[in-house]
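In what follows, a structure is listed as structure tokens, so that the remarks can point back to it.
The values are calculated or read from the model by the stated rules, or taken from the named source; none is laboratory data. Remember, it's a predicted structure, so these values are computed and weren't measured experimentally. Reconstructed Cβ throughout: ideal geometry from the backbone, glycine too, with neighbour counts over all protein chains shown.
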Amino acid sequence: MPSSDSSPTVWQVETLHTHLEAGDSFFIFDVRNEDEYESWKIEGTVEIPMMNVPYYAMLESDEFDDVIDSFKAYLQQGTVEKLPREVPILAVCAKGDTSAFVAEALRRLGFPAFNLEGGTQAWGDHYHPRVITESEELAVYQIGRPARGCLSYVVASNGTAAIIDPLRHVEHYLELAQEKSLAYELILDTHAHADHISGGPTLAEKIGAPYFLHPYDGIHPIDVLPATIPYEYLRDGQTFQVGAHEMVTLHIPGHTLGNVAYLLDGKYLFTGDSIFIESIARPDLGGRGDTWAPIHHQSLRRLLELPDDTTVLPAHFSTLNESDDQGLFAAPLGTLRKKNGGLLEAQKSQQEFVEYILASLPKFPDEYIEIKRVNAGLAKVGESKASELELGKNICAVAQARDQANT
Ligand SMILES: [Fe+2]
């Protein structure tokens, strides 16, 4: 939407990400439907003041030919008094089209308003790579999808590379390979994901590299049907060479029966869904939290035996606050041993741990069963259905149950 002057009137999702991480002050004016707004909001490191007014509520009058005039008239009937004038207002809708008109209406009323280009859909699909370490001899990149709290990794050494837990939009990994002159030789999932569609099988097909999954996760836990996707079997203790470096597979059932972690050079621990920065993974997404919680306890105990200076690199986070001052989701195991609520429970008896888990389970999203079907090749979905299934933030950690219970 053109403005009367040449100053910028939009925020790209990268700009939004920067402001969210920095904890900058701004206000969100969200014009999506109420149910869309309630199911998923933009979150940052600090609470962002926001208001939801569905755009259709602002179009009730037939008096105006121009949609901006209609929005403006609506806003003047009691809304403008509730909006701040001293901080930017970000207008948000699902795709960024309607909110462009809303932002323009706000600007005409004298507010410093911007439109989120691409809307919540673009924010949900935003990926951001960060460097954990980088040299020709060894590079580790953390590729995050911040709106969903999903993290994936690329490990590279002397031009060859492995991808761990690739997310659905595989072009980001292909672009990174081009930019850094890398050839992917291995595609590894830590487990059959329930909260998002894996990019693993698609990448394997595109680049001809093998895709690895533990065979226990090749069975859909609810349907009890075997995966139809091509994959190589992972096993405990299996090693992979990435250039000059070795990665060991640790079978740590609990979140899923085929859950694994990968330990690179005895230093970097790709924990998948087991240990997160502030919490631990839930063990009930196979529908058997009661019987899987005890093996989750054993597996976490196994990981806790690793040295304190092991760097934990998880597959998820719950809030942007979990990142360090460089925006990385990474922490020494020795620190998490003392601070991570779930790991503190894991250091107690099995009975205490199981009681804690069973009292802390978040809601089981219905779509997680279907996402696992897609990841197993048992269901096929197009882009719009895939996007709908993945909508919102992951609910893979047990600690979120306590947050939800408190709200
Ligand atoms: Fe998971």
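Worth a mention:
- Single match in 137, 171, 179 (criterion: more than 20 Å from residue 329 (Cβ to Cβ) and either among the basic types (Lys, Arg) or in contact (Cβ under 8 Å) with a residue 60 or more places away in the chain (or both)): 137
- Taking the criterion of being in contact with a helix residue (DSSP H, G or I) (Cβ under 6 Å, 6 or more places away or on another chain) and within 16 Å of the ligand (Cβ to nearest atom), the residues of region 148-192 that qualify are 166, 189, 191, 192.
- Residue 130 closer than 22 Å to residue 329 by Cβ and within 16 Å of the ligand (Cβ to nearest atom): no
- Some residue of region 250-266 being under 18 Å from residue 166 (Cα atoms), more than 16 Å from the ligand (Cβ to nearest atom) and hydroxyl-bearing (Ser, Thr, Tyr): no
- Candidates 164, 207: the one that is out of contact with any Pro (no Cβ under 7 Å at 6 or more places or on another chain) and farther than 28 Å from residue 398 by Cβ is 207.
- When the helices (runs of 4 or more DSSP H) confined to region 64-158 are screened for residues that are more than 30 Å from residue 314 (Cα to Cα) and either out of contact with any Gly (no Cβ under 7 Å at 6 or more places or on another chain) or modelled with pLDDT under 95 (or both), those reaching at least 2 such residues are found at 67-76, 98-108.
- When restricted to residues that are of a type in the set (D, E, K, R), assigned to a loop (DSSP other than H, G, I, E, B) and without any contact (Cβ under 8 Å) to a residue 40 or more places away in the chain, region 220-252 contains 2.
- The selection criterion, being at pLDDT below 90, surrounded by 14 or more Cβ atoms within 10 Å (Cβ to Cβ) and part of a loop (DSSP other than H, G, I, E, B), holds for residue 391.
- Scan of region 267-292 for residues that are of a type outside the set (D, E, K, R), surrounded by 24 or more Cβ atoms within 10 Å (Cβ to Cβ), within 13 Å of the ligand (Cβ to nearest atom) and not in a strand (DSSP E or B), ordered by number: 274, 276, 279, 283, 285, 292
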